[in-house]
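Taking it in order: structure first as structure tokens, then the write-up.
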Amino acid sequence: MVNPPQLYTAKLADKIILNPKFTQYRFELVEPNRMNFAAGQYVSIPVDTVGHRRSYSICSAPDNDHGFELFVEFVENGLGTQYLDKLKFGDTIQCLAPMGQFVVQSDDPSIPLCLVASGSGVAPLRSMLYDQLQRHGNARRMTLFWGLRHEADMCWTEDLKELVANFPNVTFHPVISRAMDEWPLCRGRVTDCLSIHDVDLTAEYYICGNQQMILDTMEVLKKRGVPETKLFHEKFY
């Protein structure tokens, strides 16, 4: 059961330019000063004075209910990109939150999770990953596939390495579609990587990316025997 959305005021507390493609924003809640959200949900933000809004998945875990973090991809001349980029520390925003039904369906740690993302679609899956680790430690097996175009687009590298080192139940597969010759890991699209790795038919699959990526991923997984009832998705543009 997810909570109904309401209007929040939040202020910008931190802005981390991870690379030219992605920026991470951290907001502190002002009023109300707490938000009870589920991993995988998003916020809706007005980005101009004429009513245009943009939705951004929360990339932080729900344990910090006094704030939230967003993982935003740079879009040239994008309304959301321009609005967020102009914010200064301490500036306030209005947002409707929490929103969306893209949440982990079963809290049973015996059911593995496979998280499949492309680009900024990793945001809600990162929230799910950290939330499940806080809930279950190393009891729940989780695999993250993250597709990006270039190696330079990769971020949170050290955090993910540390996570995998500390939690033997977590596996991470970065997938680069335009990889250099020396790239040693998965190359091509996420679906290419899923086609060659073992598929766990007992797992729940959470997929986030553009519409075509979602359709292609679901098709690959269904062909490999994953029941459609175990496939959950969220498209971000």
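Per DSSP H run of n ≥ 4, the term is -39500 (n - 2.57); total these for the chain, divide by its residue number, and report the mean residue ellipticity at 222 nm rounded to 500 deg cm²/dmol.
Rounded to the nearest 500, it is -6500 deg cm²/dmol.
Holding the Cα-Cα limit at 19 Å, pick out from 11/88; 11/235; 15/235; 11/86 the pairs that are longer than that.
Where the Cα-Cα span goes over 19 Å, the pairs concerned are 11/235; 15/235.
Under the rule that a partner needs its Cβ under 4.7 Å from the first Cβ, which Cys of the chain have none?
Among the cysteines of the chain, those whose Cβ sits 4.7 Å or more from every other are 59, 95, 114, 155, 208.
From the P(r) of the chain, could you give the percentage of C-alpha pairs in the tail past 21 Å?
Result for the distance tail: 56 percent.
At what distance in nm do the modelled label points of residue 159 and residue 91 sit from each other, each positioned 7 Å from its Cα along Cα→Cβ?
Reported label-point gap for residue 159 and residue 91 is 2.2 nm.
Give me the distance in nm between label points sitting 7 Å out from Cα along the Cα-to-Cβ direction at residue 152 and residue 198, one decimal.
3.8 nm
Could you pull the Rg and Dmax for region 6-99, using just the Cα atoms, both in Å?
Computed over the Cα atoms of region 6-99, radius of gyration and Dmax are 12.3, 34 Å.
Using all C-alpha to C-alpha distances in region 53-135, build P(r) with 5 Å bins and read off the rounded percent in each one.
In order of increasing distance, the bins hold 3, 12, 21, 24, 18, 12, 6, 4, 1, 0 percent.
Using alpha-carbon pairs under 8 Å, 6+ residues apart, how would you state the relative contact order of region 6-99 in percent?
39 percent
Could you check the simple spin-label distance between residue 34 and residue 55, using points 7 Å along Cα→Cβ, in nm with one decimal?
With each label placed 7 Å out from Cα toward Cβ, I get 2.7 nm.
Above 14 angstrom, tally the Cα pairs of region 185-237 and express them as a % of all pairs, no decimals.
That tail contains 49 percent of the Cα-Cα pairs.
Throughout, read-outs are computed from the coordinates displayed, never taken from laboratory work. The structure displayed is predicted, hence computed values, not measured ones. Neighbour counts run over all protein chains shown; Cβ positions are idealised from the backbone, glycine included.
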